[in-house]
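Read through the structure below, which is laid out as structure tokens, and then see the notes.
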Amino acid sequence: MSQSRHRAEAPPLEREDSGTFSLGKMITAKPGKTPIQELAIHHGWRLPEYTLSQEGGPAHKREYTTICRLESFMETGKGASKKQAKRNAAEKFLAKFSNISPENHISLTNVVGHSLGCTWHSLRNSPGEKINLLKRSLLSIPNTDYIQLLSEIAKEQGFNITYLDIDELSANGQYQCLAELSTSPITVCHGSGISCGNAQSDAAHNALQYLKIIAERK
């Protein structure tokens, strides 16, 4: 979804005594605009985009999961309705940025894409146990829980994973899924299988293969 971009240069955030940078007036929405839209407009970013990634639960107790994307970052929110899931995702996003503590007068615009998330450079140079174990793994051992393994690496390296189930079956009648990693740049890997769970596991396996290749590059 294309949105017009506001070109005004964003001033630095004002520092509070606590050492954090307050979003202050920037998250006070004007009539007709949400706080996260005000934040985007203030900094000259594209407006946030929302994607319904999951819907489940019994008919009397549905649960929706929505992804909120703003520039190169995303947050997920859950709720009993699509509207609530969207609002919760936006609130989590604002909460993340309200706790940013840069060293000096850095605008939030400069933080996006640099200070948060996992980059290929940080992945290659990480001393983390899980990512280094991945470098030594063959990823072909039967009964390996690839979803769990990817989750452990994500926790260690500081990125999120979202599984997007595709409604349409593949050409050979299999379920399909996309695993989206909030790395920088964002990584999306496809998976397929005889069930939704198998498709997610296959997507996680392919994501691990990709991370392994990236991490091993010099």
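The values are calculated or read from the model by the stated rules, or taken from the named source; none is laboratory data. Remember, it's a predicted structure, so these values are computed and weren't measured experimentally. Here Cβ is always computed from backbone atoms with ideal geometry, including for glycine, and neighbour counts include all displayed protein chains. To get the accessible areas, we keep the full protein, side chains included, count just its heavy atoms, and leave off ligands, DNA and RNA. Shrake-Rupley method; radii C 1.70, N 1.55, O 1.52, S 1.80 Å.
With respect to the numbered conditions (1) modelled with pLDDT of 85 or more; (2) out of contact with any Gly (no Cβ under 7 Å at 6 or more places or on another chain); (3) within 17 Å of Thr187 (Cβ to Cβ), which one is the sole condition not fulfilled by Glu168?
Only one criterion in (1) modelled with pLDDT of 85 or more; (2) out of contact with any Gly (no Cβ under 7 Å at 6 or more places or on another chain); (3) within 17 Å of Thr187 (Cβ to Cβ) is unmet by Glu168, namely (3).
Among the residues of the range 84-91, are any open to solvent by less than 50 Å² (accessible area, probe 1.4 Å), out of contact with any helix residue (DSSP H, G or I) (no Cβ under 9 Å at 6 or more places or on another chain), at pLDDT 90 or above and among the polar types (S, T, N, Q)?
Yes - at least one qualifying residue is present in the range 84-91.
Of all residues in the range 76-95, which are without any contact (Cβ under 8 Å) to a residue 60 or more places away in the chain and under 15 Å from Ser182 (Cβ atoms)? Let's see the steps before the verdict.
Initially, the range 76-95 is screened for residues without any contact (Cβ under 8 Å) to a residue 60 or more places away in the chain, giving 77-93, 95.
Listed by number, the residues that qualify are Gly77, Ala89, Lys92, Phe93.
Is it the case, given these coordinates, that Pro31 is at pLDDT 70 or above, out of contact with any strand residue (DSSP E or B) (no Cβ under 9 Å at 6 or more places or on another chain) and either open to solvent by 40 Å² or more (accessible area, probe 1.4 Å) or not β-branched (Val, Ile, Thr) (or both)?
Working: at pLDDT 70 or above: no; out of contact with any strand residue (DSSP E or B) (no Cβ under 9 Å at 6 or more places or on another chain): yes; either open to solvent by 40 Å² or more (accessible area, probe 1.4 Å) or not β-branched (Val, Ile, Thr) (or both): yes.
Judged against the criteria, Pro31 is not a match.
Please go through (1) open to solvent by 70 Å² or more (accessible area, probe 1.4 Å); (2) under 16 Å from the mean Cα position of the chain (by Cα) for Leu138 and return the number of the only condition it doesn't satisfy.
Leu138 satisfies all of (1) open to solvent by 70 Å² or more (accessible area, probe 1.4 Å); (2) under 16 Å from the mean Cα position of the chain (by Cα) except (2).
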